Amino acid sequence: MASNNGSAGKWEVVKKGKKSNAAGPKTEKKSGGGGGGGRKALGESNQPSRPPLKMSETLYDGFEKIGKKQNKEQVPPPAEPQNKKPSLNKPPKKSNSSNTVAPATYKTLEEAFKALDVGDLKQQLARSQTLFPENPSVWVKDLAGYLNLKLTAPDNEPTLSSYAHDYPYCLTGKELRGVIKGLIGRCSNILPDFIDYCVYTMLRELDRQSGEPLHGYRVCIQAVLQDKPKIATQNLPEYLELLRSVQNRPVKCLTIMWALGQAGFYDLSQGLRVWLGIMLPVLGIKSLSSYAIAYLERLLLLHTNLTKGFCIMGPKEFFPLLDFAFMPKNALSPSLQEQLRCLYPRLKVLAFGAKPESTLHTYLPSFLSRATPHCPDDMKRELLSSMTECLCVDVQSLGVWRQLYTKHLPQSSLLLNHLLNSWNILPPKLRKNLEETIQSFRVTNDEMRDTNESGDLQECNALCQNLQVKMQGRGFPWTKLLMVLLVFAAGFIAHDVRSHGSVADSTTALYLRSSGVAAVSQQAWSKISVYSKQGVSWLEKNAPYYYSECARVLGPVVEQGVEKTKAAAVFISDNTTQFVLWVKETTPLVVDWVYTNTPESVFQALAYLKELLIFVHQNYVLPALTSVSELLQRAWTNLQDTCNGEVSVSCLQGHALSFTNSTWRLLQHTTSAIKTWAQELLTRAG
């Protein structure tokens, strides 16, 4: 079975001394006569103890050496000595060719699996294990050879992208799967070499013009990596070297990528290692990049829980992906770049890991170095957002930024401007932590002013000043405004009472009486007083009685309720803790899902809205504030002119008195006008 895909169509002699040489012809005759067409498959893999694969050169060369060594040295087990005639040497070869039956070809792989005789497979494997009881590598190779010989359906596409991720292994029935799993379970020590053998054999078959299907080897690879996915990542450097050596043969490259990529569908961490180890280095190759990104997309969609992929990707692997996703005119086509950009938020979560508060400062230097004034807008927005996240989450990022400030003035200018524009939405913790950093930047700017007169330094200095103004400013002083209004009202009433001699004669009291507010207030106060006295007398008489009754009836119930409340509080506390932990774990996934599934048009609309707000701020709000500032300056100048050039307390008192009188007269006129208008309306209605 194994020899169907190898080059050992006959037994060959092992030359090991005179005794071996003398017995060689007999052995060859015996094997030739006894092998026939039915056991031809055991020839290639018959090696008592195959040494471990030594990856000194490329993996492909290593496999070539193993293949040649097997073809030369593998012999069948020693048989009982019999006298053979030399004439029996050639006829078996004719018998082999005449008895060999070409396997049937099926239209679909499903038909091939249905036609597969599992009983015959068990017999062949039992015979292989009987003949080679201490050589499990022969067993698994016979398994792969038998499956590949029987599963003769068209194999048109090396990556099987149009099928499920576990195709064709998903087509195996329960009985066949049990046979495969049982044999693999007994051969766990040689499985790494078996995977190498399957991959190499597939590559060798691709060199043949016949183009035989490779479903048997695919099934074996999937069966092994489903239980032991770590095997795929043991020789990644050697496989990368092999991949580069055949990069002018896309079908071979895609076959290697497909085979090793099967591990990722059962273990996210191993899948990421495979992708970063052999697919990321060839992402710029046009014939391979499409499958590489499609595999990454399928991998991340299949594993919704990204926590198992933490600590695999670092800055060294993350930033090439950032460049591929956002840099224009790179090796990727626009459609592939957009596809990678949709995956970028999940890759970012994987890169930042489980503890971003202790790792993000290692990403800040690379983010900062890329944030040049001339970088693309999309990339600039992503870099500024990521750097802000680094400063918010990891406090060490501020120290890293201070160290890089002098060598990255243009980039620091962009970041400072971004912080200034988004100051109102920054977390309070970051605002507080930025005070020391901005102050150190001011000191550095003053020290560099004599030696560096670049525009970037001047812009950074101006931005630092504006940020310090923001830090010192507060929100709108509503409490102060309310206090001022209360003081003004109290002063107004006090001035009114003082000017008229008493409260009853004051204009305020007259207005309250004329409007009816005073009468209503007195009536309300009298009613409140009466009802309050009645309520107090009722409480004095009945409160002790009702208190004793409530204590007698409700006392036990209250005690029982208190106990249940304590138990409920303990229960809620325990479940709340678990819920909080669950929320902490799922919130990043939900946010990442929202970013992944939100249409690009939404982000574009938000970007347009942001630009609109910036436009309104720059073209309307800032000019309005400038006009208000000019009006206030003119008002102050007029105030100085009316006070003969010096603003004193007596002058302010005079102005306040004049303003109060004029305001009061205006209020009186307005009130009388409204009253007259209301009376006219009532007269007309009557």
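The values are calculated or read from the model by the stated rules, or taken from the named source; none is laboratory data. Everything numeric here is computed off the predicted structure, so don't read it as measured data. Neighbour counts run over all protein chains shown; Cβ positions are idealised from the backbone, glycine included.
Annotations for the structure displayed:
- A residue that is basic (Lys, Arg) and in contact (Cβ under 8 Å) with a residue 12 or more places away in the chain cannot be found anywhere in region 151-174.
- The requirement of being out of contact with any Cys (no Cβ under 8 Å at 6 or more places or on another chain) and over 30 Å from Ser499 (Cβ atoms) is fulfilled somewhere in region 645-652, by at least one residue.
- Some residue of region 134-149 being in a loop (DSSP other than H, G, I, E, B), buried (at least 19 other Cβ atoms within 10 Å of the Cβ) and touching a Phe, Trp or Tyr at 6+ places or on another chain (Cβ under 7 Å): no
- Cβ pairs under 9 Å, 6+ apart, first in region 640-666 and without any contact (Cβ under 8 Å) to a residue 60 or more places away in the chain, second among the basic types (Lys, Arg): none
- Test: Leu384 is under 21 Å from Met327 (Cβ atoms), in contact (Cβ under 8 Å) with a residue 12 or more places away in the chain, of a type outside the set (Lys, Arg) and buried (at least 19 other Cβ atoms within 10 Å of the Cβ): yes
Condition check ((1) touching a strand residue (DSSP E or B) at 6+ places or on another chain (Cβ under 8 Å); (2) farther than 30 Å from Pro356 by Cα; (3) at pLDDT 90 or above) across all residues:
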| position | (1), (2), (3) |
| --- | --- |
| Asp456 | no, yes, no |
| Ala462 | no, yes, yes |
| Lys470 | no, no, no |
| Leu481 | no, yes, no |
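- Lone qualifier among Lys348, Lys329, Lys380 - being on the phi > 0 side of the Ramachandran plot and of a type in the set (D, E, K, R): Lys329
- The residue that is farthest from the chain's Cα centre (by Cα), counting only those in region 390-424 that are of a type in the set (Ser, Thr, Tyr), part of a loop (DSSP other than H, G, I, E, B) and surrounded by 15 or more Cβ atoms within 10 Å (Cβ to Cβ), is Thr406.
- Note on region 224-256: among residues that are part of a loop (DSSP other than H, G, I, E, B) and of a type in the set (Lys, Arg), the one that is farthest from Leu183 (Cα to Cα) is Arg249.
- Filter result (surrounded by fewer than 13 Cβ atoms within 10 Å (Cβ to Cβ), in a helix (DSSP H, G or I), free of Cβ contacts under 8 Å to residues at least 12 places away in the same chain and not acidic (Asp, Glu)) within region 425-458: Ile425, Pro428, Lys432, Val443, Gly455
Results for (1) within 24 Å of Pro281 (Cβ to Cβ); (2) at pLDDT below 95; (3) touching a helix residue (DSSP H, G or I) at 6+ places or on another chain (Cβ under 8 Å), shown as yes or no for each residue.
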site: Gly309; (1), (2), (3): yes, yes, yes
site: Lys316; (1), (2), (3): yes, yes, no
site: Phe352; (1), (2), (3): yes, yes, yes
site: His374; (1), (2), (3): no, yes, no
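- Among residues that are under 25 Å from Ser601 (Cα atoms), more than 15 Å from the chain's Cα centre (by Cα) and of a type outside the set (Asp, Glu), Ala325 is not included.
- Taken over region 167-185, the criterion of being surrounded by fewer than 20 Cβ atoms within 10 Å (Cβ to Cβ), at pLDDT 90 or above and assigned to a loop (DSSP other than H, G, I, E, B) is satisfied by Tyr167 alone.
- Qualifying residue in region 209-223 (condition: over 27 Å from Leu336 (Cβ atoms), among the hydroxyl-bearing types (Ser, Thr, Tyr) and surrounded by fewer than 20 Cβ atoms within 10 Å (Cβ to Cβ)): yes
- Selection of region 189-208 for residues being over 26 Å from Glu157 (Cβ atoms) and surrounded by 13 or more Cβ atoms within 10 Å (Cβ to Cβ) yields Ile190, Leu191, Pro192, Asp193.
- Residue list for region 488-528, restricted to those being over 19 Å from Ser672 (Cα atoms) and among the polar types (S, T, N, Q): Ser499, Ser502, Ser521, Gln522, Gln523, Ser526
- No other residue among Ser627, Ser672 is out of contact with any His (no Cβ under 7 Å at 6 or more places or on another chain), at pLDDT 85 or above and within 25 Å of Ser499 (Cβ to Cβ) apart from Ser672.
- In the set Val520, Val580, Val530, only one residue is closer than 30 Å to Gly309 by Cα and part of a helix (DSSP H, G or I); that residue is Val580.
- A Cβ distance below 7 Å, combined with a sequence gap of six or more or placement on separate chains, defines the contacts here; from region 122-134, residues that are farther than 19 Å from Glu175 by Cα reach residues that are surrounded by 15 or more Cβ atoms within 10 Å (Cβ to Cβ) and of a type in the set (D, E, K, R) in the pairs Ser128/Asp142.
- Search result, residues across region 369-390 that are of a type in the set (Lys, Arg) and within 18 Å of Ala607 (Cβ to Cβ): Lys380, Arg381
- Test: residue in region 324-337 that is touching an Asp or Glu at 6+ places or on another chain (Cβ under 8 Å), in a helix (DSSP H, G or I) and either modelled with pLDDT of 95 or more or surrounded by fewer than 19 Cβ atoms within 10 Å (Cβ to Cβ) (or both): no
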